[in-house]
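Novice: There's a structure below that I have some questions on.
The values are calculated or read from the model by the stated rules, or taken from the named source; none is laboratory data. The structure displayed is predicted, hence computed values, not measured ones. With ideal geometry, Cβ positions are generated from the backbone for all residues, glycine too; neighbour counts draw on all protein chains shown. For the accessible areas, the whole protein counts, side chains as well, though only heavy atoms, and no ligand, DNA or RNA atoms are used. Shrake-Rupley method; radii C 1.70, N 1.55, O 1.52, S 1.80 Å.
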2 protein chains.
Amino acid sequence: MSERLDDSWFTEIFSSEGSAFSLKVTEKLHDVQSAYQHLEVYATETFGNLMLLDGCVMLTDRDNFLYHEMMAHPALFTHADPKRVVIIGGGDCGTLREVLKHSGVEKVTQIDIDEEVTKASERFFPALTASNGDPRAELLFEDGVKWVDAASEGSVDVIIIDSTDPVGPAEGLFKVDFLAKCHRLLREGGVMVQQSESPLYHSGSIIRELREDMKKAGFTSVATLPFPQPVYPSGWWSATLAGKGVDVNAFREDATGGADFALDYYSAGIHRGALSLPPFMHRLLKD
Amino acid sequence: MSERLDDSWFTEIFSSEGSAFSLKVTEKLHDVQSAYQHLEVYATETFGNLMLLDGCVMLTDRDNFLYHEMMAHPALFTHADPKRVVIIGGGDCGTLREVLKHSGVEKVTQIDIDEEVTKASERFFPALTASNGDPRAELLFEDGVKWVDAASEGSVDVIIIDSTDPVGPAEGLFKVDFLAKCHRLLREGGVMVQQSESPLYHSGSIIRELREDMKKAGFTSVATLPFPQPVYPSGWWSATLAGKGVDVNAFREDATGGADFALDYYSAGIHRGALSLPPFMHRLLKD
């Protein structure tokens, strides 16, 4: 009844959603079982290199700009003057690269539990790790939750949770106690942002619960920003921001034009547009 | 190396893009070879019913609201006072339904060459054809290009080209002579809109050429509005508007709030957001 994919295709099945996404691959470049997960890298026909963790698509050369720009710039242009940034997860270093484009940022600490991810990114996604030598960047390979526990209260301006899905290793990063720890870590006026799955698939579940949990954790405002992400389930993804005494539904729109770096997806107009949720999301989020 | 899809999945391969999208199906509901194309309808596990034409996904119950709302409302809220609307293609009647929600519209003519599409939609997507009995609706089953040729110059306010891809039967609908015929058919102040493929895959090709051809055909302004569409290639799609003496980068924003109908995706904020293209599109479109 339909076309069949032969062995030259990689397929990720999203079982609970009854959908699947496939990319045509030309070569396996890397395969390592780390202490935490199974990491593979493939060359694809049209998406450049592809990284998988436990069989799930993490990123491709072709479309990672969408995700990484939306994980970094909305939060950084929402905070009044971000100087100290922490990234939990994000081992491919794509989000780190975007954060370092902000000249006002004085220090960024990235804490990913799995050094193999960063090593693979250095080899197979060198554009993403190009800024790793920046003196403002600190790369740690340890448990992000423990790091947050040990860090000083009120010492950070922006926390970015650049994690895998809320099942498996990253599950704890979506729970209210962890969100409360992030709230404690932030200075007044601080902003956190978390990848928050698909607007089509998860508005009435993961996204709504995350927003409720962020409020329970003490955050005074939340905003979910949808954006396209072809290689993720449904091709549509989201980042959810939360503010500690700051309204994350507004941002330093004037600053975006003055930023002296070029972007591929993010702009003030895109940010403003992403803050306008479609009516079906408002209903499911019970705003 | 990856999960395999068994016979219970429908897969559409986008060969030139090296990607594929699959839905888990539970039952074949309909299979007919019309004079023009092979039409199938399946029940899926999570997307409701699915319609295919020549093996390509046309629509599903779950996510067609995105496409249909974006094909209708931006054009209708851009025109100052749309009374006479023509839809070329659109046999599933989803766009027609959205157009008929505008109480100011006096007559909508839908011209689809293949009556089998509308018959299948009446049986398997009854929500989309629910407004077909509206006295303002006229459904014709004939060649849309010939209909446009024969129609009186300057007799229409909005033309919606709700076609399949620009290969095969719909190829002519993307050519400059057809666009010039649409321009002739429109009154001064008229707006046309055409589905224009994927922002990720086609910004530097189909979308750019369509915009250039619209200008060659005499239109004074163009605007491409991206929107999510999970079941189409890349999960990201677009509609391109063109104006005859009217700026399609502006719209009757005040009217959207006053409209007395509920929508799932479209809103003034979504429309405004869609008018802000990401920087990479501006570069590829050579604006």
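Novice: In the stretch A:103-129, what residues are of a type in the set (A, V, I, L, M, F, W, C) and crowded, with 18+ Cβ neighbours inside 10 Å? Steps first, please.
Specialist: Going through the stretch A:103-129, the residues of a type in the set (A, V, I, L, M, F, W, C) turn out to be A:105, A:108, A:111, A:113, A:117, A:120, A:124-125, A:127-128.
Correct list: A:V105, A:V108, A:I111, A:I113, A:V117, A:A120, A:F124, A:F125, A:L128.
Novice: Specify which of the listed residues (B:V145, B:V193, B:V176, B:V167) is open to solvent by less than 20 Å² (accessible area, probe 1.4 Å) and assigned by TED's automatic domain parsing to the domain that holds B:C93.
Specialist: On the way: B:V145 fails: open to solvent by less than 20 Å² (accessible area, probe 1.4 Å); B:V176 fails: open to solvent by less than 20 Å² (accessible area, probe 1.4 Å); B:V167 fails: open to solvent by less than 20 Å² (accessible area, probe 1.4 Å).
Of the residues listed, the single one that is open to solvent by less than 20 Å² (accessible area, probe 1.4 Å) and assigned by TED's automatic domain parsing to the domain that holds B:C93 is B:V193.
Novice: Kindly establish whether A:T129 is more than 19 Å from A:Q229 (Cα to Cα) and β-branched (V, I, T). Show your work before the answer.
Specialist: On the way: more than 19 Å from A:Q229 (Cα to Cα): yes; β-branched (V, I, T): yes.
For A:T129, the condition - more than 19 Å from A:Q229 (Cα to Cα) and β-branched (V, I, T) - is met.
Novice: From the list B:V231, B:V248, exactly one residue is in contact (Cβ under 8 Å) with a residue 60 or more places away in the chain, in contact with a Ser or Thr (Cβ under 6 Å, 6 or more places away or on another chain), of a type in the set (A, V, I, L, M) and farther than 26 Å from A:F21 by Cα. Which is it?
Specialist: Values: B:V231 fails: farther than 26 Å from A:F21 by Cα.
Criteria check complete, one pass: B:V248.
Novice: A further question follows. Which of the residues belonging to the stretch A:247-287 are hydrophobic (A, V, I, L, M, F, W, C), at pLDDT 95 or above and open to solvent by 30 Å² or more (accessible area, probe 1.4 Å)?
Specialist: Those that are hydrophobic (A, V, I, L, M, F, W, C), at pLDDT 95 or above and open to solvent by 30 Å² or more (accessible area, probe 1.4 Å): A:A250, A:F251, A:L275, A:L284.
Novice: Kindly establish whether B:R184 is touching a residue at least 60 places away in the same chain (Cβ under 8 Å), outside any loop (DSSP other than H, G, I, E, B) and either over 30 Å from B:F47 (Cβ atoms) or more than 14 Å from chain A (Cβ to nearest Cβ) (or both). Can you show your working first?
Specialist: Values: touching a residue at least 60 places away in the same chain (Cβ under 8 Å): no; outside any loop (DSSP other than H, G, I, E, B): yes; either over 30 Å from B:F47 (Cβ atoms) or more than 14 Å from chain A (Cβ to nearest Cβ) (or both): yes.
No, not satisfied.
Novice: Please work out which one of (1) assigned by TED's automatic domain parsing to the domain that holds A:E142; (2) within 19 Å of A:S163 (Cβ to Cβ) is the condition A:T78 fails and give its number.
Specialist: A:T78 satisfies every listed condition except (2).
Novice: Restrict the check to the stretch B:130-140 and report whether at least one residue is surrounded by 24 or more Cβ atoms within 10 Å (Cβ to Cβ), charged (D, E, K, R) and in contact with an Asp or Glu (Cβ under 9 Å, 6 or more places away or on another chain). Walk me through how you get there before you give the answer.
Specialist: If we filter the stretch B:130-140 for residues that are surrounded by 24 or more Cβ atoms within 10 Å (Cβ to Cβ), which is where we start, we get none.
For the stretch B:130-140, residues surrounded by 24 or more Cβ atoms within 10 Å (Cβ to Cβ), charged (D, E, K, R) and in contact with an Asp or Glu (Cβ under 9 Å, 6 or more places away or on another chain): absent.
Novice: Any residue in the stretch B:43-70 that is farther than 17 Å from B:W9 by Cβ and within 10 Å of chain A (Cβ to nearest Cβ) sitting within a Cβ distance under 6 Å of a residue that is open to solvent by 30 Å² or more (accessible area, probe 1.4 Å) and not in a strand (DSSP E or B)? List the pairs, counting only those 6 or more apart or interchain.
Specialist: Hits for this filter: B:F65/B:D264.
Novice: Exactly one of (1) farther than 30 Å from B:S22 by Cα; (2) in contact with an Asp or Glu (Cβ under 6 Å, 6 or more places away or on another chain); (3) not acidic (D, E) is unmet by A:F280. Its number?
Specialist: (1)
Novice: While we're here: Where residues in the stretch A:1-42 are part of a strand (DSSP E or B) and among the acidic types (D, E), which of them is farthest from the other protein chains (Cβ to nearest Cβ)?
Specialist: A:E27
Novice: Anything in the stretch A:196-227 that is open to solvent by 10 Å² or more (accessible area, probe 1.4 Å) and either among the hydroxyl-bearing types (S, T, Y) or in a strand (DSSP E or B) (or both)? List them, or say none.
Specialist: Residues satisfying the conditions are A:Y201, A:S205, A:T220, A:S221, A:V222, A:P226.
Novice: Next question. Inside the stretch A:38-67, can you point out the residues that are open to solvent by 20 Å² or more (accessible area, probe 1.4 Å), closer than 20 Å to A:G144 by Cα and in contact with a strand residue (DSSP E or B) (Cβ under 6 Å, 6 or more places away or on another chain)? Full working, then the answer.
Specialist: Step one: of the stretch A:38-67, the residues open to solvent by 20 Å² or more (accessible area, probe 1.4 Å) are A:38, A:45-46, A:48-49, A:54-56, A:58, A:61-62, A:65.
Okay, now just the ones that are also closer than 20 Å to A:G144 by Cα, so A:38, A:54, A:58.
Answer for the stretch A:38-67, where residues must be open to solvent by 20 Å² or more (accessible area, probe 1.4 Å), closer than 20 Å to A:G144 by Cα and in contact with a strand residue (DSSP E or B) (Cβ under 6 Å, 6 or more places away or on another chain): A:D54, A:M58.
Novice: To continue, here is another question. Within the stretch B:234-269, can you find the residues that are closer than 30 Å to A:V231 by Cα and away from every other protein chain (no Cβ under 14 Å)?
Specialist: Correct list: B:A239, B:T240, B:L241.
Novice: Oh, and also: Need the failing condition index for B:H183 against (1) open to solvent by 30 Å² or more (accessible area, probe 1.4 Å); (2) farther than 17 Å from B:D149 by Cβ; (3) touching a strand residue (DSSP E or B) at 6+ places or on another chain (Cβ under 9 Å), just the number.
Specialist: With respect to (1) open to solvent by 30 Å² or more (accessible area, probe 1.4 Å); (2) farther than 17 Å from B:D149 by Cβ; (3) touching a strand residue (DSSP E or B) at 6+ places or on another chain (Cβ under 9 Å), B:H183 is out only on (2).
Novice: If you don't mind, another one. Listed residues B:R211, B:R272; which is within 13 Å of another protein chain (Cβ to nearest Cβ) and among the basic types (K, R)?
Specialist: Working: B:R211 fails: within 13 Å of another protein chain (Cβ to nearest Cβ).
That would be B:R272, the only listed residue that is within 13 Å of another protein chain (Cβ to nearest Cβ) and among the basic types (K, R).
Novice: Go through the stretch B:13-22 and give me each residue that's on the phi < 0 side of the Ramachandran plot and surrounded by fewer than 20 Cβ atoms within 10 Å (Cβ to Cβ). Let's see the steps before the verdict.
Specialist: In the first step, residues of the stretch B:13-22 are kept if they are on the phi < 0 side of the Ramachandran plot; the result is B:13-17, B:19-22.
Matches in the stretch B:13-22: B:F14, B:S15, B:S16.
Novice: Right, B:S234: buried (at least 23 other Cβ atoms within 10 Å of the Cβ) and at positive phi or not? Give the steps one after another, and end with the answer.
Specialist: Working: buried (at least 23 other Cβ atoms within 10 Å of the Cβ): yes; at positive phi: yes.
Considered against the rule, which asks whether it is buried (at least 23 other Cβ atoms within 10 Å of the Cβ) and at positive phi, B:S234 comes out as yes.
Novice: For B:R283, are the conditions met, namely being without any contact (Cβ under 8 Å) to a residue 24 or more places away in the chain and either more than 20 Å from the chain's Cα centre (by Cα) or closer than 22 Å to B:G172 by Cα (or both)? Spell out how you get there, then give the answer.
Specialist: Numbers: without any contact (Cβ under 8 Å) to a residue 24 or more places away in the chain: yes; either more than 20 Å from the chain's Cα centre (by Cα) or closer than 22 Å to B:G172 by Cα (or both): yes.
Against the criterion (without any contact (Cβ under 8 Å) to a residue 24 or more places away in the chain and either more than 20 Å from the chain's Cα centre (by Cα) or closer than 22 Å to B:G172 by Cα (or both)), B:R283 qualifies.
Novice: Considering only the stretch A:2-42, how many residues are aromatic (F, W, Y) and without any contact (Cβ under 8 Å) to a residue 60 or more places away in the chain? Show your work before the answer.
Specialist: Taking the stretch A:2-42 first, the residues aromatic (F, W, Y) are A:9-10, A:14, A:21, A:36, A:42.
Then keep just the ones that are without any contact (Cβ under 8 Å) to a residue 60 or more places away in the chain; that gives A:9-10, A:42.
The qualifying residues number 3.
Novice: Additional query: For the stretch A:237-287, give me each residue that is under 16 Å from A:I206 (Cβ atoms), in contact with a Lys or Arg (Cβ under 7 Å, 6 or more places away or on another chain) and of a type outside the set (K, R).
Specialist: Once the filter is applied, which keeps residues that are under 16 Å from A:I206 (Cβ atoms), in contact with a Lys or Arg (Cβ under 7 Å, 6 or more places away or on another chain) and of a type outside the set (K, R), the stretch A:237-287 yields A:T240, A:L284, A:L285.
Novice: Which ones in the stretch A:230-252 are in contact with a Phe, Trp or Tyr (Cβ under 8 Å, 6 or more places away or on another chain), within 29 Å of A:G218 (Cβ to Cβ) and not in a strand (DSSP E or B)?
Specialist: Those that are in contact with a Phe, Trp or Tyr (Cβ under 8 Å, 6 or more places away or on another chain), within 29 Å of A:G218 (Cβ to Cβ) and not in a strand (DSSP E or B): A:K244, A:F251, A:R252.
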